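Below: the structure, in structure tokens.
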Amino acid sequence: MTRAAPAPTAPRPYGKVRAFCALALAVTALAAVGLWLKWAWEGDSFPVADPAVTADRLDGRAGEVYDALGLPDAHLDREWPGSGVEAEEDCYWTSGLSHLGDQLSDSPPHVKGVVTVRTEWALKGITAEAGQSALRRARTRLERQGWDATTSTAAGKVVSLEATPPGGGATVHVRTYPRGRLEVFATAGCTRLPEGVTTDTLGRVDLPPQRLPGRLRG
């Protein structure tokens with residue numbers, strides 16, 4: 001008795017799967033190259049942020065550093081030049097081939113609609129010794145709270161503190177000055193204004209009043 005020949009097995013679609021995977025990889029690679037070329041030409045983009053929200057955050061961080069200084073008896077210097085909070089267009093392109101001319105310029109133009117936010121105030125009535133002790137004390141306390149803090153010295157004396165909170169988003173500086181002054185200012189990186197927020201003819205944004213630490217208000 002003759003056995004029937006086995007039915008032919010359908011070919012497995014391995015070849016088609018490999019071809020599809022290769023095509024997908026090629027498309028992904030082309031997309032990645034396209035994004036890289038776009039970045040190389042245009043440069044880093046600026047994140048969008050509401051300058052009023054940023055200013056409020058900076059005031060809060062400056063207040064935390066004030067608490068860490070441990071100078072409850074110091075008074076606010078109301079005549080300190082530069083006191084207040086501001087957001088202004090003072091950012092320029094630092095990357096991107098399309099902006100190479102600006103990067104090589106001695107006075108590169110500011111990017112329209114991109115601002116930095118800064119808040120500043122100063123304390124008075126602080127002796128040099130008290131100021132140096134306050135800076136060292138603040139560094140220790142802030143580092144315990146997870147801040148990245150460094151101090152600088154000149155002629156063997158601590159003259160400044162720079163501190164960045166956990167997660168970034170701000171940098172707070174404290175500097176000693178003659179006549180018992182201690183300057184505190186906080187800055188944030190360049191951000192693009194959200195839709196509907198504009199600058200004046202000087203490139204500045206109208207912001208709410210500065211929020212000082214509680215002890216310094218009034």
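In nm, give the distance between the simple-model label positions of Thr198 and Arg137, each being 7 Å from the Cα along the Cα-to-Cβ direction.
Here the answer is 4.9 nm between the modelled labels.
Mind checking the full-extension length gain between Arg144 and Arg217? Use 0.36 nm per residue of separation minus the Cα-Cα distance, one decimal, nm. Numbers along the way, then the final one.
Details: separation 73, 0.36 × 73 = 26.28 nm, distance 2.73 nm.
My answer for the length gained is 23.6 nm.
For a quick check of understanding: with a 1.4 angstrom probe and all protein chains in place, what accessible area in square angstrom does Trp121 have, to the nearest ten?
Near enough 10 Å² of accessible area.
Once Rh for segment 162-207 is found with the Kirkwood sum over Cα pairs, what is the Stokes-Einstein diffusion coefficient at 20 °C and 1.002 mPa s, in µm²/s?
After rounding, the answer is 159 µm²/s.
Would you mind checking segment 180-215 for residues with the amide N under 20 Å from a putative spin-label position 7 Å along Cα→C-beta of His75?
Counting only backbone N, you get 180-184, 212-215.
The values are calculated or read from the model by the stated rules, or taken from the named source; none is laboratory data. Given the structure is predicted, the values throughout are model-derived calculations rather than measurements. As a convention, Cβ positions derive from the backbone with ideal geometry for all residues, glycine included, and neighbour counts pool all protein chains shown. Just so you know, the surface numbers come from the protein's heavy atoms only, side chains and all, with ligands and any DNA or RNA stripped out. Shrake-Rupley method; radii C 1.70, N 1.55, O 1.52, S 1.80 Å.
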